[in-house]
1. Check Gly80 against each of (1) part of a loop (DSSP other than H, G, I, E, B); (2) under 20 Å from the mean Cα position of the chain (by Cα) and name the one condition it does not meet.
2. Filter region 92-117 down to the residues that are open to solvent by less than 40 Å² (accessible area, probe 1.4 Å) and either touching a residue at least 60 places away in the same chain (Cβ under 8 Å) or more than 28 Å from the chain's Cα centre (by Cα) (or both) and list them by number.
3. Does Tyr349 meet the test of being touching a helix residue (DSSP H, G or I) at 6+ places or on another chain (Cβ under 7 Å), modelled with pLDDT under 90 and open to solvent by less than 70 Å² (accessible area, probe 1.4 Å)?
4. Can you pull out the residues in region 191-215 that are over 21 Å from the mean Cα position of the chain (by Cα) and open to solvent by 70 Å² or more (accessible area, probe 1.4 Å)?
5. What residue, of Thr304, Thr320, is surrounded by 21 or more Cβ atoms within 10 Å (Cβ to Cβ) and under 30 Å from Asp258 (Cβ atoms)?
6. Return yes when Glu188 is touching a residue at least 24 places away in the same chain (Cβ under 8 Å), of a type in the set (D, E, K, R) and crowded, with 17+ Cβ neighbours inside 10 Å and no when it is not.
7. Name every residue in region 216-248 that is touching a helix residue (DSSP H, G or I) at 6+ places or on another chain (Cβ under 9 Å), in a strand (DSSP E or B), farther than 30 Å from Cys289 by Cα and open to solvent by 30 Å² or more (accessible area, probe 1.4 Å), in order of residue number.
8. Please state which of the following conditions Leu299 fails to meet, knowing it meets all the rest: (1) surrounded by 14 or more Cβ atoms within 10 Å (Cβ to Cβ); (2) touching a Cys at 6+ places or on another chain (Cβ under 9 Å).
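The values are calculated or read from the model by the stated rules, or taken from the named source; none is laboratory data. In this text the structure is predicted, and so the values were computed from the model without any measurement. Every residue, glycine as well, gets a Cβ built from its backbone with ideal geometry; the counts of neighbours run over all protein chains shown. Side chains are part of the model used for accessible areas, which takes the heavy atoms of the whole protein and leaves out ligands, DNA and RNA. Shrake-Rupley method; radii C 1.70, N 1.55, O 1.52, S 1.80 Å.
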Amino acid sequence: MVELMTMPKYEAYKDSGEGWISEVPKHWEVKKLKHIFFEKKHTQNMSLNCGSISFSKVVTKDDDKIPHSTKASYQEVLNGEFLINPLNLNYDLISLRIGLSKIDVVVSAGYIVLKNKVNMSKEYFKYLLHRYDVAYMKLLGSGVRQTINFNHIANSLLLVPPMPEQTAIANFLDKKTAQIDEAIAIKEKQIELLKERRQIIIQQAVTQGLNPDAPMKDSGVDWVGQVPKAWEVTKLGFISKIGNGCTPSRASIPFWKDGVIPWLNSSKVNDGIITVADQFVTQRAVRDCHLPLIEPGSLVMAITGEGKTRGMVAISKIKTTINQHLAYIEVNESKINPLFVLVYLRGMYSQIRGDSSGLGSTKGAITCGDLKKYPIPKPPMNEQAEIVTYIESETKKTEVAIDLQIQQIEKLKEYKTTLINSAVTGKIKVPEVDLEIN
């Protein structure tokens, strides 16, 4: 990657008069947005597909989900025009709200469509407006919903480098950001491969054990396959107590006011080890809503949703109760090690969810009845402890490798942001500038 500190600077700079831009090359112009763009008049076009803006990309939407009367109120945005989502700025501070359209669509009448008044490199202004969006536009607007219109942005200051430099900067950024995006994609793929490897390690350990030379036998379960001959295969319901909870009515103040009993929602499984609760219910809620009280050391498992962001099992270190989207599994420790059950369920979660749908459960859901029927290998107790220790050690190595990739991705994203900001505001002089000028 290009080292920004070593890149050349322009010979002379001046104050832009705008804080988020700071100093700019002396020969660059600083103009108000309204002198560069004008707001396109609302134009209806029922022949075009519906669209919207998503993270600075103008994308199509499913026309079948848009009522005809709604589409009739939409406005046209064409290839080469800029689209701004000026609605609810305070609601979403993450997504990028300005994009250069590459397609012809119709969008909500609440959006702002900009057309250029002056000759320009639209690719350069795509990058500049990205910076403007993040650094300045989100600070504008007023009211509870913080929505803006063209008048709010009309007097904003923007940069207008000479046309050859606009082109050179856009070309440079196209090339460099593509390289960065490719590097990020490679690292994201590496993360997926590491996660797959982690899953394979867990699945092999909990179904085949750690001794590759151990005599094997058929488990009687297709997706478990063969297990060591010394192991038993039992059902989850035989070695644990299983049930789920509910959500007391939010309208009933006595169920929630001054609550002291921890109550978990499905997002808590992402904690892995649950030591604190975010919400609490009262004794009356437990009694009237028949909420289960779950002992410390029990497992909690997400049983609804698509299993993408939830899709895990956690162990609760606190006495608690749960909502209807979670199942509790109180393991009989005289029969099986709870930590072995935990790693088994984590390793086989995707299989359990898919198999549950095949049993006629609601798509993407697992019932407590399903869970009770699920087979689970039962090694001797000493082997269970060895398997848990092995999995913890191996998965920790994988987690370290994943964390390293995540950190590198964040650094690449930060570098990309800094590179764009530096190039579009003239803090660096891109290599192609002199070639373009000459």
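1. Looking at each condition in turn, Gly80 falls short on (2).
2. Listed by number, the residues that qualify are Val106, Ile112, Val113, Leu114.
3. Values: touching a helix residue (DSSP H, G or I) at 6+ places or on another chain (Cβ under 7 Å): no; modelled with pLDDT under 90: yes; open to solvent by less than 70 Å² (accessible area, probe 1.4 Å): yes.
Taking the combined requirement at face value, the residue does not satisfy it.
4. We begin by selecting, within region 191-215, every residue over 21 Å from the mean Cα position of the chain (by Cα); these are 197, 200-215.
Residues satisfying the conditions are Arg197, Ile200, Gln204, Gln208, Leu210, Asn211, Pro212, Asp213, Pro215.
5. On the way: Thr304 fails: surrounded by 21 or more Cβ atoms within 10 Å (Cβ to Cβ).
The unique qualifying residue is Thr320.
6. Details: touching a residue at least 24 places away in the same chain (Cβ under 8 Å): yes; of a type in the set (D, E, K, R): yes; crowded, with 17+ Cβ neighbours inside 10 Å: no.
The answer is no for Glu188.
7. Within region 216-248, the first condition is being touching a helix residue (DSSP H, G or I) at 6+ places or on another chain (Cβ under 9 Å), and the residues that meet it are 216, 219, 223-228, 230-231, 235-240, 242-244, 248.
From the residues that got through so far, the ones that are in a strand (DSSP E or B) too are 216, 226-228, 235, 240, 242-244.
Still in the list and also farther than 30 Å from Cys289 by Cα: 216, 226-228.
Within region 216-248, Met216, Gln226 qualify.
8. (2) is the only condition that Leu299 fails.
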